[in-house]
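The values are calculated or read from the model by the stated rules, or taken from the named source; none is laboratory data. Keep in mind that this is a model prediction, so the values were computed, not measured. Here Cβ is always computed from backbone atoms with ideal geometry, including for glycine, and neighbour counts include all displayed protein chains.
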Amino acid sequence: MDLKLQNKTALVTGSTAGIGLEIARALAVEGARVIVTGRDQAKLDQAVESIRASGGKQVTGILADVTTPEGAAALVQAVPQVDILVNNLGIYESKPFGGISDADWLYYFDVNVLSGVRLARAYFPGMLERNWGRVIFISSETGLVVVPDMIHYAMTKTAQISIARGLAHLTKGTNVTVNSVLPGPTRSEGIVGFLRSVASNPDAPAEEIEAEFFAKDRPASLIQRMIEPEEIASLVAYVASPLSAATNGAALRVEGGLVSTIA
């Protein structure tokens, strides 16, 4: 399927590995001009080369820390205009509620929420002026179904859904859309360490740890496995395309059936 992304410029945050990298790859392979961002130059260079090796011809890497106002401003100065903004940057951990400090709450909100808000604030008005654009927040199923060992993370994901829906209301009558995409547990960088941190036996083989995680911590999953980053990226690429024009203000679930409600 031709997603008609040629001549579109896409910015994907947190895109040197995992879901972000595969989103950037999918958009680039479809013909978009893609800007990959990250905070490590070596990983940034590797990501760019990996996308080019997959056939993505128009990809650029920009070293930027959008978790700070200064870093976001520097990125916007380097890239003043985009057609597609994918706010993918995010962090997560498992932590007992009593151990989540004020600093933890603020840091998670700053990284997972404000990073996307800063960039949307910079790029969204231009999209409205040009009467075309896509803003996509990569949220999580925990934004709808809060897990007790990740309450601070879930709070940020619920916030992203609310922000996306609110911005979507501002697009009424235009060709701009704002949506959130809600992945479930995904095989991405850092997931092995996370799974071991919640496993009864951290030294068990990876497949046993994954099976235990779904049996104990995510029994509602219908697929009972990790989602592959490419499976998230394929949905995001469609939502970023002109073909998705009627999808606006939606919280799109790609979580393997973890959320049991139909609304």
Checklist entry - Applying the selection to segment 72-94, what residues are at pLDDT below 95 and surrounded by fewer than 17 Cβ atoms within 10 Å (Cβ to Cβ)? => result 91, 93, 94
Next on the checklist: Suppose the filter is β-branched (Val, Ile, Thr), surrounded by fewer than 16 Cβ atoms within 10 Å (Cβ to Cβ) and either modelled with pLDDT under 95 or under 19 Å from the mean Cα position of the chain (by Cα) (or both); does residue 147 pass it?
Outcome noted: yes
Item to check | Positions within segment 1-17 being surrounded by fewer than 24 Cβ atoms within 10 Å (Cβ to Cβ) and closer than 16 Å to residue 136 by Cβ, in sequence order | outcome: 3, 8, 9
Checklist entry - Where residues in segment 205-219 are crowded, with 16+ Cβ neighbours inside 10 Å and either among the small types (Gly, Ala, Ser) or out of contact with any helix residue (DSSP H, G or I) (no Cβ under 8 Å at 6 or more places or on another chain) (or both), which of them is farthest from residue 18 (Cα to Cα)? => result 212
Next on the checklist: I need the full set of residues from segment 132-172 which are touching a residue at least 24 places away in the same chain (Cβ under 8 Å), of a type in the set (A, V, I, L, M, F, W, C) and part of a loop (DSSP other than H, G, I, E, B), in order please.
Outcome noted: 132, 144, 145, 147, 150, 170
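Rundown of residues vs (1) among the small types (Gly, Ala, Ser); (2) within 21 Å of residue 219 (Cα to Cα); (3) surrounded by 18 or more Cβ atoms within 10 Å (Cβ to Cβ), yes/no style:
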{"site": "138", "(1), (2), (3)": "no, no, yes"}
{"site": "166", "(1), (2), (3)": "yes, no, no"}
{"site": "174", "(1), (2), (3)": "no, no, no"}
{"site": "181", "(1), (2), (3)": "no, no, yes"}
Item to check | Failed item in (1) modelled with pLDDT under 95; (2) within 30 Å of residue 197 (Cα to Cα); (3) of a type outside the set (A, V, I, L, M, F, W, C), with residue 101 passing the rest | outcome: (1)
Checklist entry - Before we move on, is residue 180 modelled with pLDDT of 90 or more, over 25 Å from residue 253 (Cβ atoms) and of a type in the set (Ser, Thr, Tyr)? => result no
Checklist entry - From 199, 206, 215, 220, which residue is free of Cβ contacts under 8 Å to residues at least 12 places away in the same chain and more than 30 Å from residue 127 (Cα to Cα)? => result 215
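Quick check: anything in segment 193-215 hydrophobic (A, V, I, L, M, F, W, C) and closer than 18 Å to residue 89 by Cα?
yes
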Item to check | Per-region count, segment 66-112, residues of a type outside the set (D, E, K, R) and touching a helix residue (DSSP H, G or I) at 6+ places or on another chain (Cβ under 7 Å) | outcome: 23
Checklist entry - Would you pick out the residues in segment 97-125 that are closer than 16 Å to residue 162 by Cα and in contact with a Phe, Trp or Tyr (Cβ under 8 Å, 6 or more places away or on another chain)? => result 112, 116
Checklist entry - Does any residue of segment 164-173 turn out to be charged (D, E, K, R) and at pLDDT below 90? => result no
Item to check | Within segment 1-44, tally of residues that are at negative phi and assigned to a helix (DSSP H, G or I) | outcome: 15
Next on the checklist: Just to be sure before I move on: is residue 221 outside any loop (DSSP other than H, G, I, E, B) and modelled with pLDDT of 90 or more in the structure I sent?
Outcome noted: no
Checklist entry - Of 215, 250, 233, 245, which residue is under 22 Å from residue 148 (Cβ atoms) and of a type outside the set (D, E, K, R)? => result 215
Item to check | Selected residue [within 15 Å of the chain's Cα centre (by Cα) and under 24 Å from residue 175 (Cβ atoms)] from 89, 119 | outcome: 119
